[in-house]
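See below for the structure under consideration.
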Amino acid sequence: MITLKSKREIELMHTAGNIVYKTHQYLKPYLKEGITTQEIDDLADKYIRSLDATPSCKNYEGFPAAICISVNDEVVHGIAGKRKLKNGDIVTLDICACYKGYHGDSAWSYQIGEIDEEKKHLMKYTEEALFVGLKQVRPGGRIGDIGHAIQTFAEAHGLGVVKELCGHGIGTNLHEDPDVPNYGIPNTGVKLREGMVIAVEPMLTAKSPRVEILDDDWTVVTVDGHPAAHFEHTVVVTADGYEILTGEWKDG
Ligand code: MF3
Ligand code: CO
């Protein structure tokens, strides 16, 4: 079921989204060689709670950490641990927060020190792919338009589109209808309407898009071992397009 959010609900989701955005900004300076992913997760957990919110990932279908931290060939759902970040890594923080019952969700990939050309290319065009997808978001536009735009752009730049994972509706649940795939056919799929809130999240790979799940039952990695990147915003469909809820905010 797809729900349209009221003005009051959108305000709450704006606050939830802003908490997610602020958590990214808070963690960014810590993303240096030598920090463990567990230390990052602990910082995120405390910071989100200090803003009267809870980390939505914690215990979500049994997920054991506060946020998802995925390094290099890990695509999504990486679990914090003793691993230390090192020069040349890329790390994706996928942060979800729940404020007064409403969720915000945003992922961003960051580089540690100097990264190689393959990772530079992947990061640049995955971030751009997010905005290429968002450009399709407007009332009357359709879900297939978003996926088609992302896929065409990604493949034109030699990147792989992970098909097993999608963006999603979001609200009082972290994952709601509709699915928002990163591939598709224009003018097909659910029609967007003002008040819908969706998370658009290209997950792209440097080479082959094939993925598998590690023995921890969570971490999704590329089969070929090449890196993946992931950029995600939660947005509300407005009368003339969309508004990002997980970005900079006037009162933030
Ligand atoms: N942003 C992630 C997603 O949309 C959130 C996952 S929470 C987890 O899939 F608990 F499943 F990791
Ligand atoms: Co998401």
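GNM on the chain, C-alpha springs below 10 Å: top fluctuator among 119, 100, 207?
The residue that fluctuates most here is 100.
Residue by residue through the stretch 236-244, which ³J(HN,Hα) values in whole Hz follow from phi under the Karplus form 6.51 cos²θ - 1.76 cosθ + 1.60 (θ = phi - 60°), with glycine and proline marked x?
9, 6, 10, 4, 10, x, 8, 10, 6
Using a simple charge model, +1 on the beta-carbon of Lys and Arg, -1 on the beta-carbon of Asp and Glu, nothing else, what dipole does the chain show about its Cα centre, in debye to the nearest 20?
That gives the chain a dipole magnitude of about 580 debye.
Considering the zone a paramagnetic label at residue 172 would reach in this model (a point 7 Å from Cα along the Cα-to-Cβ line), which residues of the stretch 2-30 have amide N under 19 Å from it?
2-17
Just to confirm, what accessible area per residue do you get for the chain at 1.4 Å probe, in whole Å²?
The answer is 44 Å² per residue.
For residue 120 and residue 163, what does the FRET efficiency come to when R0 = 22 Å and r is the distance between their Cβ atoms, rounded to the nearest 0.05?
0.35
Dipole of the stretch 7-244 (Lys/Arg Cβ +1, Asp/Glu Cβ -1, origin at the Cα centre): which of 160, 221, 17 lies farthest to the positive side?
Ranked along the dipole, the leading option is 17.
List the GluC sites (Glu not before Pro) within the stretch 207-252 that fall in a DSSP loop (any state other than H, G, I, E or B) and whose Cβ has at most 12 other Cβ atoms within 10 Å.
Listed in order of number, the matching sites are 248.
Run the quick spin-label model on residue 213 and residue 52: label points 7 Å from Cα toward the beta carbon, then report their separation in nm to one decimal.
Distance between the two pseudo-spin positions: 3.7 nm.
Work out the length of the dipole vector of the stretch 28-105 about its Cα centre, built from +1 on the beta-carbon of each Lys and Arg and -1 on the beta-carbon of each Asp and Glu, and round it to the nearest 20 debye.
So the magnitude is around 240 debye.
My understanding is that a pair violates if its Cα-Cα distance is over 30 Å; which of 32/100; 120/163; 46/207; 32/58; 82/119 do that in this structure?
Beyond 30 Å: 32/100; 46/207.
Expressed as a whole percentage, what fraction of the accessible surface of the chain belongs to carbon and sulfur atoms when a 1.4 Å probe is rolled over the protein heavy atoms?
On the chain, the fraction of accessible area on carbon and sulfur atoms equals 50 percent.
Using a Gaussian network model on the chain with a 10 Å cutoff between Cα atoms, which of 136, 25, 151 fluctuates the most?
25
The values are calculated or read from the model by the stated rules, or taken from the named source; none is laboratory data. No experiment lies behind these values; they were computed from the predicted model shown. Every residue, glycine as well, gets a Cβ built from its backbone with ideal geometry; the counts of neighbours run over all protein chains shown. Quick note on the areas: whole protein, heavy atoms, side chains included, nothing else; ligands and nucleic acids left out. Shrake-Rupley method; radii C 1.70, N 1.55, O 1.52, S 1.80 Å.
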